[in-house]
1. Restricting the calculation to Cα positions, tell me the Rg (one decimal) and the Dmax (whole number) of the range 103-202 in Å.
2. Which log10 I(q)/I(0) values, to two decimals, does the chain give at q = 0.08, 0.11, 0.14 Å⁻¹ under the Debye formula with one point per Cα?
3. Starting from a Cα-only point model with no solvent, please compute log10 I(q)/I(0) by Debye for the range 363-442 at q = 0.13, 0.22, 0.25, 0.27 1/Å.
4. Only residues of the range 158-175 count here: report those whose backbone N is under 19 Å from the spot 7 Å along Cα→Cβ of Arg188, or say none.
5. Test of understanding: in a Gaussian network model of the chain with alpha carbons linked when under 10 Å, which of Asn308, Asn232, Asn355 would top the mean-square fluctuation ranking?
6. What's the FRET efficiency of Ser161 with Ile235 using the Cβ-Cβ distance as r and R₀ = 41 Å, to the nearest 0.05?
7. With the contact rule set at Cα under 8 Å and sequence spacing of 6 or more, what percent relative contact order holds for the chain?
8. Using a simple spin-label model with points 7 Å from Cα along the Cα→Cβ vector, what separation in nm is obtained for Gln398 and Glu180?
Amino acid sequence: MRIKTIYRNGSRRLLLFFAGWGMDEHPFLNLRFRDYDIALVHDYTDMSLPTIAREYEDIKLMAWSFGVIAADIFMASNPHLPITQSVAVNGTLFPVDDRYGIPEAIFKGTLDGLSDKTLVKFFRRMCGSKEAFDRFLANAPKRPTESLREELKAIAALKASHSRWDMAFVSTLDRIIPPENQAAAWEREKTRTAITDYPHLPDFEEILSRAITDKALVAQRFESAKQTYDSNARIQRRIAERLSDLWKEYGVGNPKRTIEIGSGTGMFTGQYGKWLRSGSLELWDLTDIPSSLPGKHVVCDAEKEIMNIEDGAVDAIVSASTLQWFDSPRKFIAEAARSLAKDGILAFSSFGPENFKEIREPLYPSLTELTKWLREEGLEIVHEEEDHIRAEFDSTRQMLRHFSATGVNAIGCTDPVGEARNLLSKGIKAVTYHPIIVVARK
């Protein structure tokens, strides 16, 4: 493997991008993602693992095409790295396979007939359209065809480590790796999939914006809505009340140490504060926590902070309407399970994949996925429920004002003004909330 830093701005966050077969840095030199440094990994002829600088505290990994199996091997060999999310795009852990990858006959034909002429044809199919192909050629890889032949042979011999992936994107217009094979491969791995209508070479920045939460923007919007949140977040209050009641019913009566994640204005804190007698209470949030709230206040990213908790050191981890913002709910559940003492409680509410379905399809995990991950970590589900609550407004503008007043990041991060105009043009004035509540015991 070769690694090349293609963008650096001094961030402590890194996007580690594993490119596909035949690539180098040139097609991706313009790739940008928020304030992340970006490092590109390519050329899998030699599988010597690249070294990642130690100063990064948060690494997002995205792998494309045949880069997926290389990234899988890399993750298994580097469990110490702070990889907080892994996303596969149009690739599988089976590069050459009739059911789960590129069919063997097609792969053999590509290898046997590889030449400068056939390579151009491959890139044209990869891009999907003449316009995309022309853009790709303007920044095409600068590698001799013979080096691509050797890389292709090396990739065919790779064996996956079957690391745990957070999400896989499958493109319906992929003419390189059959979409049905990709879907079957990720179903076998029990990995969440999202379907797109891209060709094999997609819009990576769009995929990144869908897969990775802009937590800085989430924090900014909730910070600006603190004065109006409590009086407008009626559904969130109803969820907080229900979660508090369920935790009281099924939880430990007097936990020695409790952590609430995403305390916000204290709506949920106030509910369980009526009955909870905890020896130690910690409130975690992305933004400053009101001084009127009890306990120790920790401003942090919970997905990273929970990694610092000692094994079995917490009796209760609770969270209301926050988990949907996490980049990797599955990894968080694993860390929470590790952190809980025996008989400890994990009680949380989140929102499901049909939340605000009138606007766009969110990539939130379902109740089935959440409970499966909990059981995989040895937690007993003592209560689970979900609901669909329809919120109607007099007008689209009133609905948008409601989103603003509650800090809801409902209309996307990339172009909120454009999204708002789109909603206004469609006249949408009702949305569905899809709350999920789970109480689990270790």
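The values are calculated or read from the model by the stated rules, or taken from the named source; none is laboratory data. What you are looking at is a predicted structure, and each value in this text was computed from that prediction instead of being measured. In this analysis, Cβ positions are derived from the backbone assuming ideal geometry, glycine residues included, and neighbour counts consider all displayed protein chains. To get the accessible areas, we keep the full protein, side chains included, count just its heavy atoms, and leave off ligands, DNA and RNA. Shrake-Rupley method; radii C 1.70, N 1.55, O 1.52, S 1.80 Å.
1. Both quantities, over Cα of the range 103-202: 15.0, 39 Å.
2. Normalising to I(0) and taking log10 leaves -0.50, -0.90, -1.31.
3. -0.57, -0.98, -1.15, -1.27
4. 158-171
5. Looking only at Asn308, Asn232, Asn355, the biggest GNM fluctuation is shown by Asn308.
6. Working: r = 42 Å, r/R0 = 1.03.
Here the calculated transfer efficiency is 0.45.
7. 12 percent
8. Between Gln398 and Glu180, the simple spin-label model gives 4.9 nm.
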